[in-house]
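The values are calculated or read from the model by the stated rules, or taken from the named source; none is laboratory data. All figures in this text were calculated on a predicted structure; none of them were measured in a lab. Cβ placement follows ideal geometry from the backbone for every residue including glycine, while neighbour counts extend to all protein chains displayed. Each accessible area value is taken on the protein alone, full model and side chains, heavy atoms only, with ligands, DNA and RNA left out. Shrake-Rupley method; radii C 1.70, N 1.55, O 1.52, S 1.80 Å.
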Amino acid sequence: MSDRQEVSTVIDTDSTKPLANRILTALTIGLAPLGILAAFLSYNGYLDAQSAFRADVQEDARRIASEVDTLVLADGRLLRTIAVRYEDSLATGGETRCTQDLSALVQRKPLFSQIRVYSLTGTALCSSGPDDTADTGLFSAAQRALDDADDGTALLFDRERGGLVYAATNDIMGGRTGSIIAARIPMEEMRRRFASIQREIDANVTLQVAQEGEARAAREVAAFGTDPGVYGVVAPTQLPGLSVRYSEPTPPLPPRRLATILLPPLMWLAALVIVWFTLKQVVLKPMNTMREGLRKRADTGTATALAPQVGGTAEFVTFAGAFDRMTARQRLDRESLEAALEKQQRLVREVHHRVKNNLQIVTSLLSIKGRAAEDVAERSLYGAIQMRVEALALVHRWLYADDESIGVDLAALLGDLTATLEHGIDTVYGISGRFETDLDRVYVTQDTAVPLAFLVTELVAGEASMLTSGGEMEAEITLKRRDDHVVMTVAGKDFTGSRAASGGSGSGSTSGSANADGRIVQGMARQLRGDLAFDAGANAYTVTFPAELVVK
């Protein structure tokens, strides 16, 4: 294809999408893996933060459980010391002395509200207070708890569940029989003692004792259900059945941890925004500038250079410069073509003008010859030929006068032609003519105007030749545009239709001359690619030819 050929592209705007949408979609899809990875890293960062917090809570719970173990160990040593001491006191001073010493000890040590010493067989040896029937079975419960203990120390609830019983077994020492000592500890005293243990602010610490019949406390730290926003664990102590319940409210994420969680998705969003902004400035903005420049060119016809307006990108400057050079060459080519076309049109108009002048010379010669002829038939023949030549000259005059880009105006041409025919039939045949016209404004090419003018001239002149000299001819010529064709009607009250016949049996005259005239008329109709018919009832000739011959 030549670079000077025009390329026409039909764009279906319904199926196209803006470049900005396509780029944004491509960026989103391209950066989607980074976004997914960023979300995954953020989620893992959040889980790591939660895991670190829970590990800290569990470590605090183990620390507090270790402190409880230290206190319990000290209490166990104290109870064993009391058991050994009061066994000796029982041996030397009897039960009364043992009871008095235990009572004095309880008064000095408010930790224990009551202390009892039993033999290994369950006999009550002495007590810090009077026997309480509510304590029946205390020895059995303590003995069962000690049997399950590994270190000879056990902690259990009393029968009323209002306090704790701390039991310890005293092994056989020095040949003496061992004993079991049970000390009652009020729950309020236990809570007071453990309230002083160091803990985190807003943390909650409670002691949990396995109830009778329950499984022993877990050996590992285990979480338990708490309110939303609070995490708690149960940490076992070395004393079977005793655990520490520890919980802390979930703290807000620290800024550093929050930054590590939010940074990956923020980086993804920042990358998307930066790339989008860069493409908008580097690609979309220059393209919009070129589009606006082209639109202004189309609207105003001003050829403003695009290269200085598309920014500093080398590719767009090169493209815009190439486009400016191409449009400059096209403008020069167009101006050259327009100049050549204008020159050609002048030449064509000059040709039509010269042809018209030559035809007028021929008309003048025919007129001179007709006036010089002595025979009437010869003069009529010269006149008939002169009328046809004048019709042709009239067509060339309109081709010379009109803009050929729109063609010949049939309404104006037929208007002048009827005036010429009125004068012609009067001069040649001595017939006074009067024509009425009803003409739509239709523009045709030279190939249509010439046969149409000849056709009208032939029909009118032929019908006038059959009238008596000195008579009158009244005729009406109409020209109507119908959707895909044009209809012209030439009607007169004295029309016979002889010119519509092209064979030996035509309407009107059957002479050879009439048949020849009919063939001429039919030939003109065929040149128009139309149909010629005569309506005897309306005394009218009708010719219909396609509208594609008409200049739009």
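I need the peptides 460-466, 53-59, 475-481, 191-197 ranked by packing, meaning the mean over residues of other C-beta atoms within 10 angstrom, with the highest value on top.
Top of the packing list down: 460-466, 475-481, 53-59, 191-197.
Report the extension gain between Met267 and Thr445 in nm, rounded to one decimal, defined as 0.36 nm multiplied by the number of residues separating them, less their alpha carbon distance.
Length difference between fully extended and current span is 56.9 nm.
Where does each of Val442, Val389 land when they are ordered by accessible area, with a 1.4 Å probe and the largest first? Provide the component values of the computation, followed by the final result.
Values: Val442 5, Val389 25 Å².
Per-residue accessible area, sorted high to low, gives Val389, Val442.
If the label point is 7 Å along Cα→Cβ of Ala322, which residues in segment 272-293 have backbone nitrogen under 16 Å from it?
Backbone N within reach: 287.
Quick check: pseudo-label points 7 Å beyond the Cα along Cα→Cβ at Ser364 and Leu347, how many nm apart are they?
With each label point 7 Å from Cα toward Cβ, the separation is 2.8 nm.
Hey, can you grab everything whose amide H is under 5 Å from the amide H of Thr313? Only 5+ residues off in sequence or another chain; H modelled, so Pro and N-termini drop out.
none
Which value, in Å², gives the accessible area per residue of segment 349-484 when a 1.4 Å probe is used on the protein heavy atoms?
Result: 48 Å² per residue.
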